[in-house]
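Notes follow once the structure below has been shown.
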Amino acid sequence: MIDVLTSCFFSVYVQVPEDVEPREVQMTTVTEGVEVYMDGYQELHVELPFNVDGREHDAEYIESTRTIKYRAPYLPYEELLRRHRENPPLELGSVEGLSMDFLDLDYEYKPKDAKDLPETLEIPMYDLS
């Protein structure tokens, strides 16, 4: 017997604007959908009502319509749990030689008021020729 759901793919079609090169579009499979990144445009998150498998995704550029077709297969929840059990996330301090100083956050940080910031930001330029 074939489990129909395990052989289903989902597809997302993304129209590429004229001012963006198709090779510069980034699409990432996340557990419950896909994220799309293009310079100069707001990030798009397409959320699905089920999990997808980022290990098996593919994409195709359709030049005639400037569209990217992105596909990823359905991932059963039981398989997602099995993978998580086999490769659990690292625990804090479990990577030898890695400092945990990056976890020391300054919770008292208060951003400055816009009126306290300089009107222009001066960036030093260096002639490297």
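The values are calculated or read from the model by the stated rules, or taken from the named source; none is laboratory data. If you're wondering where the values come from, they're calculated on a predicted model, not measured in any experiment. Cβ coordinates were reconstructed from backbone atoms using ideal geometry, including for glycine residues, and neighbour counts include every protein chain displayed.
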Pairs where the first residue, in the stretch 19-44, is over 17 Å from Pro73 (Cβ atoms) and the second is in a helix (DSSP H, G or I), C-beta under 8 Å, 6+ apart:
Met38/Glu24; Asp39/Glu24
List pairs: first residue in the stretch 47-61 and farther than 21 Å from His84 by Cα, second residue modelled with pLDDT of 90 or more and assigned to a helix (DSSP H, G or I) anywhere in the structure, Cβ distance under 7 angstrom, at least six positions apart or on different chains.
Tyr61/Pro22
Test: residue in the stretch 1-14 that is among the polar types (S, T, N, Q) and touching an Asp or Glu at 6+ places or on another chain (Cβ under 6 Å)
no
Which one is surrounded by the fewest Cβ atoms within 10 Å (Cβ to Cβ) among residues in the stretch 68-91 that are out of contact with any Pro (no Cβ under 7 Å at 6 or more places or on another chain) and assigned to a strand (DSSP E or B)?
Lys69
Residues satisfying the stated conditions in the stretch 37-67, i.e. surrounded by 14 or more Cβ atoms within 10 Å (Cβ to Cβ), under 14 Å from Phe10 (Cβ atoms) and not acidic (Asp, Glu)
Val46, Leu48, Phe50, Asn51, Val52, Gly54, His57, Ala59
Filter the stretch 1-22 down to residues that are within 20 Å of Thr67 (Cβ to Cβ) and modelled with pLDDT under 90 and give me whichever is surrounded by the most Cβ atoms within 10 Å (Cβ to Cβ).
Val12
